[in-house]
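Data block below; observations after.
Derivation of every value follows stated rules applied to the coordinates shown; laboratory data play no part. It should be emphasised that the depicted structure is a prediction, and the values quoted were computed from it without experimental measurement. As a convention, Cβ positions derive from the backbone with ideal geometry for all residues, glycine included, and neighbour counts pool all protein chains shown.
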Amino acid sequence: MPNQATPVEPAAGPERVGQPVSDEAIVSVESSLEGRRILALPDPSAALALAGEAEATLRRIEALTGAKLVLRGLELVILGRPPQLERAGALIEAVRPLWQSGERVSAVDLQSALTALDTGRAEEHGAMGRHVLATSVGGRPLRARTLRQKGFIEAMERHDLTLAIGPAGTGKTFLATVQAVRMLQERRVERLVLTRPAVEAGERLGFLPGDLQQKVDPYLRPLYDALHTLLGRERTEALLEKGVIEVAPLAYMRGRTLADAFVILDEAQNTTAAQMRMVLTRLGENSRMVVTGDITQIDLPLGQLSGLVEAQQVLAGVEGVAICRFSDADVVRHPLVQRLVQAYARRDARSMATAART
């Protein structure tokens, strides 16, 4: 139903919510269609979040649904035929938790919501949007962005060992770090152990300058970035000094038992089969382990089997183990990254087809 509040005049400059549109212009558009629906927005921040920069988000919704969207102050007018009105309204409703709290609605959020609508999982997607996993040091609420990300979070909650396999930009490392920090703050574990193979240095860390932590820091930068987002730089450094967060180079893990810990093995596609077997068997009492990797970006010498490739085959169906697989649809970085992943996947498929023929 129409908004009963006094209309808000558009502000000048970058804070402008919507372009002024006359009733005559709306009637002109509506005459070629069949109906309209009006959505009342709660405040200017919600209008800005839903519209996007230069109303780019509204234009994306138009492209996805075929409806025409016009923003007037705190009223969003949706014009179109009944199926278009229904689809646009459902899509806007699916991302309501974001724009209602003033969070920008991205192309990824729209595509994820649309996929959920098309597969009959709209209710599940809505619940995902309402569930805040954590809050960044800047106060930004952090949520799962796709249903596969939601499944990954649930798998880490229920299983002692979780493998997350998928292309770059799908949030594997970040979500694993979010879960690790949550469990640390809830005192479900006593420490975090971060590790990954230093393939570029051939695991010969002694050739790098500095102490042990400085040697392995360049390889663990994505994990540190996630920790800084969640805890802040000072808090992260304090926990590192106390040993609550431990940097454990993969080369130094043999013989250890990791009890009461949340272990993250990142870039696991670059472990050898022997390294993977070794690190998996470090898991101690009351511990969780998450192994992340992208099997399309293996940097091992040609012909050497990736430990992650072997592990996903060996561990399939093992009780207590979850294997989560992401696709290019789960990429939450720059929209171009998704298209790059798709382009390389097509190239790989062509190469495999050519090899099969020859």
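Taking 0.36 nm per residue of sequence separation and subtracting the Cα-Cα distance, how much length would be gained by fully extending the chain between E234 and I38, in nm to one decimal? Numbers along the way, then the final one.
Numbers: separation 196, 0.36 × 196 = 70.56 nm, distance 4.74 nm.
In short, 65.8 nm is gained.
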Write out the trypsin sites (Lys or Arg not before Pro) in the range 133-188 meeting two conditions: DSSP loop, and at most 14 other Cβ atoms within 10 Å of their Cβ.
R187, R188
Rounded to the nearest whole Å³, what is the per residue volume of the convex hull around the Cα atoms of the range 241-318?
106
Tally Lys/Arg at +1 and Asp/Glu at -1 over every other residue whose Cβ is under 12 Å from the Cβ of T354; what's the total?
+2
In Å, what Kirkwood hydrodynamic radius results for the range 134-344 from the alpha-carbon pair distances?
17.5
Under the rule of at least 5 residues apart or a separate chain, name every residue whose amide H is placed under 5 Å from the amide H of A164.
V291, T292, G293, C324
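In a shell of Cβ-Cβ distance under 12 Å around R59, excluding R59 itself, what net charge do Lys and Arg (+1) and Asp and Glu (-1) give?
Details: positive: R60, K68; negative: E53, E55, E62.
After counting each charged neighbour, the total is -1.
Which loop trypsin sites (Lys or Arg not before Pro) in the range 216-319, with loop taken from DSSP, have no more than 15 other Cβ atoms within 10 angstrom of their Cβ?
When the trypsin sites (Lys or Arg not before Pro) of the range 216-319 are filtered for loop state and at most 15 Cβ neighbours within 10 Å, R254, R256 remain.
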Going through the range 40-73, which trypsin sites (Lys or Arg not before Pro) have at most 10 other Cβ atoms within 10 Å and a DSSP loop state?
none
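Given the range 134-344, what percent of its DSSP beta bridges are antiparallel, to the nearest 5?
Values: 3 of 26 bridges.
DSSP beta bridges in the range 134-344 are roughly 10 percent antiparallel.
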